[in-house]
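Engineer: Sharing a structure below in structure tokens format, with a few things to ask.
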């Protein structure tokens, strides 16, 4: 390895461009695929997927309601001044 070549440190954050390519082996691909499949088979993942679908349905209802004039934008409530503490008078 060259003296000045970068050294990988798992404690650091790294970045790359969206168009960069990475090559993985079949074994690495299988590991990733099996992990994803095993997670998607869990009850937690199924609940999460149902929550996403439910959110999409709610967003669709909200969009139709706003466009149809049934749902209107809420106005921000006026800010009430905070009462000042009373001073002790002797």
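Read-outs: derived from the displayed coordinates by stated rules, not from any lab. On a predicted model such as this, the values are computed, not experimentally measured, just so you know.
Engineer: May I ask you to compute the full-extension gain from residue 45 to residue 75, defined as 0.36 nm times their residue separation minus their alpha-carbon distance, rounded to one decimal in nm? Working shown, then result.
Structural biologist: Numbers: separation 30, 0.36 × 30 = 10.80 nm, distance 3.68 nm.
Stretched out fully, the residue 45 to residue 75 stretch lengthens by 7.1 nm.
Engineer: Tell me, in nm to one decimal, what length is gained between residue 58 and residue 34 on full extension, where the rule is 0.36 nm per residue of separation less the Cα-Cα distance?
Structural biologist: Numbers: separation 24, 0.36 × 24 = 8.64 nm, distance 3.24 nm.
Separation in residues times 0.36 nm, less the Cα-Cα distance, equals 5.4 nm.
Engineer: Determine how many Å³ per residue the convex hull of the Cα atoms of the chain encloses. Let's see the in-between values first.
Structural biologist: Details: hull volume 36.7 nm³, N = 90.
Spread over its residues, the Cα hull of the chain gives 407 Å³ apiece.
Engineer: Based solely on its DSSP helices, what 222 nm [θ] is calculated for the chain when runs of n ≥ 4 H residues each add -39,500 (n - 2.57) and the sum is averaged over all residues, nearest 500 deg cm²/dmol?
Structural biologist: Working: 2 runs with 40 residues, N = 90.
Computed mean residue ellipticity for the chain: -15500 deg cm²/dmol.
Engineer: With N set to the number of residues, divide the alpha-carbon radius of gyration of segment 37-90 by 2.2 N^0.38 Å and report two decimals. Don't skip to the end; give the middle numbers.
Structural biologist: Working: Rg = 23.4 Å, N = 54, 2.2 N^0.38 = 10.0 Å.
Relative to the rule-of-thumb radius for its length, segment 37-90 sits at 2.34.
Engineer: Here is a follow-up. Take the chain, connect every pair of alpha-carbon atoms lying under 10 Å apart with a spring to form a Gaussian network, then pick out the residue of 28, 11, 53 with the largest mean-square fluctuation.
Structural biologist: Result: 11 has the largest fluctuation of those listed.
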